[in-house]
Amino acid sequence: MRTEGESSVAVLCGSDSAERAVSLVTGQAIADALKQEGFTVKIFDLPGRELPAALDPAHDVMFPALHGGWGENGGVQADLDARGFAYAGCGPEASRLCMDKVETKRVLAAAGLPVLPHVLFTGEKPSSASSLATKLGSTIIIKPVAEGSGIGLHRAGNRPELAAALKKLTPGRWMAEPWVRGREVSVGVLGGRALGVVEIRPKAGASYDYEHKYTAGMTDYFFPASLEPALTEEIQSAAAGAFAACGCRDFARVDLMLPPAGGCVILEINTIPGCTPTSLLPKSASCCGYTFPKLARAMIGPALERFAVIAATP
């Protein structure tokens, strides 16, 4: 049986989703951190949606750092399971669920967790601005059902802006939610335990979109967030509850809003959180004393345990 120090970790990044560029940065950061922790690491920039043929489940433990698309919709996880690999992160069912924001809301609501109302439609046949405003209010967020990193996010502060946003939608499934003008926070979950609360404040009152997520200096982060202890506990409880309700394992990140009226609402769960220099999971983990290399070790740890079980099986 191979020991942890002898384990070879294969980091998968790239692929062909809209988040390819971010995935490459995450993959390199994870690879570098694991090397600092003494692991033998191989990194693979995947051009598409196929696993490298040279990888061997008897020798390689996998770390999928693939954001969006095949990497987070359960596709790569199902392929890894089919080939017998031990890998870090959620399995195919939880990955598929959490990639679909509407289905995630259904599961969270059934578990008694706080979510926002929404309207589902397609880019081919969008709801009218009048209908959405009647159901959700005059200020609305429109987003793709199955994209991350703020890709495709539209923010409308009145009906003319909403009508203009609806005209820009591409084909596919879209959803609309009330635009909550509150504080935005994020919580990492590691092994079922909620980590520190990070508050996100895009500069100039902007939306936390792709540009503000990945451009240094465009967003201020406060970690741990300056909140009343009871509210911090409520947020962490909601994050851990969402992780459990969706059947997640190993790690994830839960994004929430804090409405002015109080409490919190869950926006979404990210099963392969970004690990770039501006990413939220490392900030959340740092509140609990994790350096980035120690976080990377903790993220791969359960996969190493699963690998040991596979290796010991006749």
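Any read-out appearing in this document is the output of simple, stated calculations on the displayed coordinates, not a laboratory observation. Not measured: the values here are computed from a predicted model. Methodologically, a virtual Cβ is constructed for each residue, glycine included, from the backbone with ideal geometry; neighbour enumeration extends over all protein chains shown.
Computed extension length for residue 237-residue 122: 38.1 nm, one decimal, from 0.36 nm per residue of separation with the Cα-Cα distance subtracted.
Ordering 140, 43 from the fewest to the most neighbouring beta carbons within 10 Å gives 43, 140.
Just checking the listed ones, 247, 188, 48: in the Gaussian network model of the chain with Cα springs under 10 Å, the one fluctuating most is 48. Here the extension length gained between residue 294 and residue 310 equals 3.3 nm, from 0.36 nm per residue of separation less the Cα-Cα distance. Per-residue 3J(HN,Hα) values for the range 186-197, derived from phi via the Karplus relation 6.51 cos²θ - 1.76 cosθ + 1.60 with θ = phi - 60°, read 9, 9, x, 10, 10, x, x, 9, 6, 8, x, 8 Hz in sequence order (x marks Gly and Pro). Think of the range 227-314 as having a plus end and a minus end, set by charges on the Cβ of Lys, Arg, Asp and Glu; of 270, 298, 229, 298 sits farthest toward the positive end of this dipole. Neighbour counts of C-beta atoms inside 10 Å place 290, 221 in the sequence 221, 290, starting with the fewest. For residue 42, the residues whose modelled amide H falls within less than 5 Å of its own, excluding neighbours fewer than 5 places apart on the same chain, are 9, 10, 11. A Förster radius of 35 Å combined with the Cβ-Cβ distance from residue 228 to residue 56 puts the calculated FRET efficiency at roughly 0.10.
Placing unit charges on the Cβ atoms only, positive for Lys and Arg and negative for Asp and Glu, gives the chain a dipole magnitude near 740 debye about its Cα centre. Cβ crowding within 10 Å, taken as a proxy for footprinting-reagent exposure, orders 118, 67, 154 from fewest neighbours to most as 118, 154, 67.
The label point for residue 193 and the one for residue 181, both projected 7 Å from the Cα toward the Cβ, are 4.0 nm apart.
Using C-alpha pairs under 8 Å with a sequence gap of at least 6, the mean separation divided by the residue count of the range 119-178 gives a relative contact order of 51 percent.
Just subtract the alpha-carbon distance of residue 78 and residue 218 from 0.36 nm times their residue separation and send over the number in nm, one decimal. Walk me through the numbers on the way to the answer.
Details: separation 140, 0.36 × 140 = 50.40 nm, distance 3.67 nm.
Extra length available between residue 78 and residue 218 comes to 46.7 nm.
For n ≥ 4 DSSP H runs only, could you compute -39500 (n - 2.57) per run for the chain, divide by its residues and tell me the 222 nm figure to the nearest 500? Present the calculation step by step, with values, prior to reporting the outcome.
Details: 11 runs with 114 residues, N = 314.
So the helix-based figure for the chain works out to -11000 deg cm²/dmol.
If you take the Cα centroid of the range 237-283 and the Cα centroid of the range 290-314, the two points sit 22 Å apart.
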